[in-house]
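I'd like to ask you about the structure that follows.
Read-outs throughout are calculated quantities, based only on the coordinates presented, and are distinct from any laboratory measurement. These numbers come from a predicted model, not from an experiment. Note that we place each Cβ from the backbone using ideal geometry, even for glycine, and neighbour counts take in every protein chain shown.
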Amino acid sequence: MPGADAEPKLSLFDTLVIILAGSLGAGIFVLSGPSMIRSGVYSFTALLVTALLALIAGVCFSEIARFVSKEGGAFEYVREVFSPNAGFVAGLLWAAGLISAAAAGAINLAYYISSIFAVPLPIMFVGALITILAAAVVLYGVKLSVPRLAAYIGINIIALLAFLIYGSHLASFTLNLNLSKQDLVSTFTGSAIMFFAFAGFSAITVVSKRVAGGDRTIKNAIYISIIVFLLLYAVLASISTGVFSSIPQSTLPSAGGGITGRVSLPLLLANLLKVEGLRYLFVAISIVSIFGLMLICLMGAARVFFAMGRDCELPELFKTLNPDATPTNGVILACIAAIIIIATTQFAAIIDTMSATMLFSFTIVNVAALNLTIKERQNAKSQGLLLRHKAFFIVPLVGILGNLGLLLTIGQFGLTVALGVLLVSGVYYTYGKVLLLPKGMAAAFKESPETNDVKEFVKD
């Protein structure tokens, strides 16, 4: 991109802010409740399993980054070091996970609004309106600059602190839970649900060439972010367990699928707080945080579609940018897909879909890292890389097996959707491109630039 070198470089702090912003809201306001309900007293164990698999995926991402000349997330990373077909599948699964997260956020917001006004609302309709509003803000609103993302993280931290302060007064740590089966399977199910909440490091791969210090900075930011996520979620899980122990199950908010289908911990606490002013303030902070999560997810999915259009994997219309350098048609597609999910899928199934698609995508990244390890082991140019170590193959292999193990614990609907996305994307890549792309377009394709014209994350 012309003039890209003149753009301010992203520091370690900037990189860490982008990573934390990518998942923190989802972990606190969307996923922590369903995860804790599944894993119960083993919530902390579930978090450790998730953190380990996320760390493995982060290591694989950072090692692959040294061999990738372009930005584009899982799509571009797998495409360049493994195969274009696998890259397309991984990218589409990643986009599906982001869109599912946006849909889950919209449903949560609809419930928050219903709660704060104490009025029953048509959740699907309100969720769809919220999604359209979020898409409009992405298209014509503020840019996701580092200072704004830092403010967004601050809002999440304030909400988390409020939950900890007031939740500690409500908690009863008797561990007398009657939520779900407390066994190994339910623990792994909780891990699978929380995986997205640790996967914010994937957001930095769309601006990797703008990071000062390159691969080393990215790797350090990934490691730090996973530690931060683990510490924050661990404290949240401990307080949540106590809160759930202190009240009857019948008083908990739920929707589609019962108590195991949807529980928002902040919404629970907001309903339990006796001071109305604090309750409204807390819910308002939660609304801002979840809406911010939706903006990040919709933009992230649109960014994947743009990269696919740029690399001639999707029709050229997905390369369209508006005057604010936002991929217009990609945002519209992501918005429509999220609305369809809201209208047709229960919350519990959306969470399962979100987890399954992300786990499949990151499994493909691990496979790409394993393949790269085998190819580069004897390459002298790979000096200093972890993947050149004789035992490094164990890292992506453990990630592959661990992710597949978690996938086995996810609900049937989520697995079916993820497998459907995998199948459809594979068939499209093999046969559909011939029908949808102009003849000779792929053959005329020239190497695209390392960066692109999309302003997803900027320093100022």
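Output the peptides 300-306, 224-230, 279-285 sorted from most to least packed, where packing is the average of other Cβ atoms within 10 Å over each peptide's residues.
The peptides rank, most packed first, as 300-306, 224-230, 279-285.
With a point put 7 Å past each Cα toward its Cβ, work out how far Asp324 is from Leu133 in nm, to one decimal.
1.6
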